[in-house]
Amino acid sequence: MTFSLRNFIRPLLSLVAVGLAAASLTACTQAVTLEAAPDSNNPRCAAVTVRLPDSVAGFKSRTTDAQATGAWGTPARVLLRCGLPEVKASTLTCVTAGGVDWLVDPSEAPSYRFITFGRNPATEVIVDSKHVSGSTALDSLGAAISQGVPVDRLCTDPKS
């Protein structure tokens, strides 16, 4: 059997080409940088994270670089973080969407911050309302949150 450099180089070049193609594809979809919430390692947040949908309001999910987070859209239009302290009382308006009670923080409009009420740990969702309806985003995320973090009180509870 004779050794041919051509028989060695051709498969090697093919392997290098496949590697470069894979690297270029992953470079197109950089991870969204988010800060993990203080209690992001809570098992309930893991239960939320594994249930997050592949798309929200037509925007595909993105990889994030922090535990218990999610992002949708390029650029990101919807952001989620689980593991915040439970909100005990608030003067913010409370709405129900996706079967979950949410406090609405409009202070950074047109980006709206929604934080779960009556769930420990709390989850926040930030929505760019120029591109996504808040209620549409929350409806898409409600199942993951309600299955992952049980409710212990509602906005309408007298003790709230």
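The values are calculated or read from the model by the stated rules, or taken from the named source; none is laboratory data. All values reported here derive from a predicted model rather than from experimental measurement. We place every Cβ from the backbone using ideal geometry, glycine too, and count neighbours over all the protein chains shown.
The criterion of at least 2 residues that are free of Cβ contacts under 8 Å to residues at least 60 places away in the same chain, more than 20 Å from Arg62 (Cβ to Cβ) and touching a Phe, Trp or Tyr at 6+ places or on another chain (Cβ under 6 Å) is met, among strands (runs of 3 or more DSSP E) falling completely within the range 76-160, by 100-105.
Checked against (1) surrounded by 22 or more Cβ atoms within 10 Å (Cβ to Cβ); (2) out of contact with any Leu (no Cβ under 8 Å at 6 or more places or on another chain); (3) more than 24 Å from Asp54 (Cβ to Cβ), Ile145 passes all but condition (3).
If you go through the range 60-69 one residue at a time, do you hit one that is part of a loop (DSSP other than H, G, I, E, B), buried (at least 20 other Cβ atoms within 10 Å of the Cβ) and either touching a Gly at 6+ places or on another chain (Cβ under 6 Å) or at pLDDT 95 or above (or both)? Yes: one or more hits. Val104 meets the conditions (1) surrounded by fewer than 20 Cβ atoms within 10 Å (Cβ to Cβ); (2) out of contact with any helix residue (DSSP H, G or I) (no Cβ under 8 Å at 6 or more places or on another chain) in every case but one. The failed one is (2).
Just checking, does the range 144-151 include any residue being at pLDDT below 95 and of a type outside the set (S, T, N, Q)? Checking the range 144-151: not a single residue is at pLDDT below 95 and of a type outside the set (S, T, N, Q).
If you check Thr96 against the conditions, is it modelled with pLDDT of 95 or more, of a type outside the set (D, E, K, R), more than 25 Å from Pro38 (Cβ to Cβ) and more than 16 Å from the chain's Cα centre (by Cα)? Yes. Listed by first and then second residue, the pairs linking a residue in the range 61-75 that is under 16 Å from Asp128 (Cα atoms) to a residue that is charged (D, E, K, R) and buried (at least 17 other Cβ atoms within 10 Å of the Cβ), with Cβ atoms under 7 Å apart and 6 or more places separating them unless they lie on different chains, are Ala71/Arg62; Trp72/Arg62; Thr74/Arg62.
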